[in-house]
Amino acid sequence: MEVAAREGDPLARAIFADLVEGAAATVRLLLLSFDVQEITIGGGLSSLGDVILDPVRAKLAEWAFTSPLVDALITDVPVGIAPSGPIAALGASMLHSLSSAA
């Protein structure tokens, strides 16, 4: 799909635009709901790397431009891509360790 979108296929471009919109909306919701210091995109989206990251960042910047509240809350928070590997298992292990220590 990525190649088809870059080559101008209208359906692929529309699907990719929806993917970017959804990913950016999810990041925005997290940023507006929680006091996070960083957002890391993982799972299947992380395999797209900068192909998804750059448009998501651009969409966030667009929304920040239209709303002072969004701008104040999301402008300085870095958004990145998770490294490849079992990141979910590492996160679950870390949460388990934290809850066991409490």
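The values are calculated or read from the model by the stated rules, or taken from the named source; none is laboratory data. None of these values were measured; they are calculated from a predicted model. Every residue, glycine among them, receives a Cβ derived from its backbone with ideal geometry; neighbour counts consider all protein chains shown.
Structure notes:
- One residue stands out in segment 1-18 among those that are surrounded by 14 or more Cβ atoms within 10 Å (Cβ to Cβ) and in contact with a helix residue (DSSP H, G or I) (Cβ under 7 Å, 6 or more places away or on another chain): the one that is nearest to P78 (Cα to Cα), namely F16.
- Count of segment 22-33 residues which are more than 10 Å from the chain's Cα centre (by Cα) and within 14 Å of P55 (Cβ to Cβ): 0
- All positions within segment 7-51 that are closer than 11 Å to A82 by Cα and either modelled with pLDDT of 90 or more or not in a helix (DSSP H, G or I) (or both): I39, T40, I41, G42, S47, L48, G49
- With respect to being within 27 Å of E7 (Cα to Cα), surrounded by 12 or more Cβ atoms within 10 Å (Cβ to Cβ), out of contact with any His (no Cβ under 9 Å at 6 or more places or on another chain) and small (G, A, S), G80 fits the description.
- Test result for A61, at pLDDT 85 or above and under 20 Å from S84 (Cβ atoms): no
- Candidate set: segment 64-102, residues that are of a type in the set (V, I, T) and assigned to a helix (DSSP H, G or I); chosen: the one modelled with the highest pLDDT: T66
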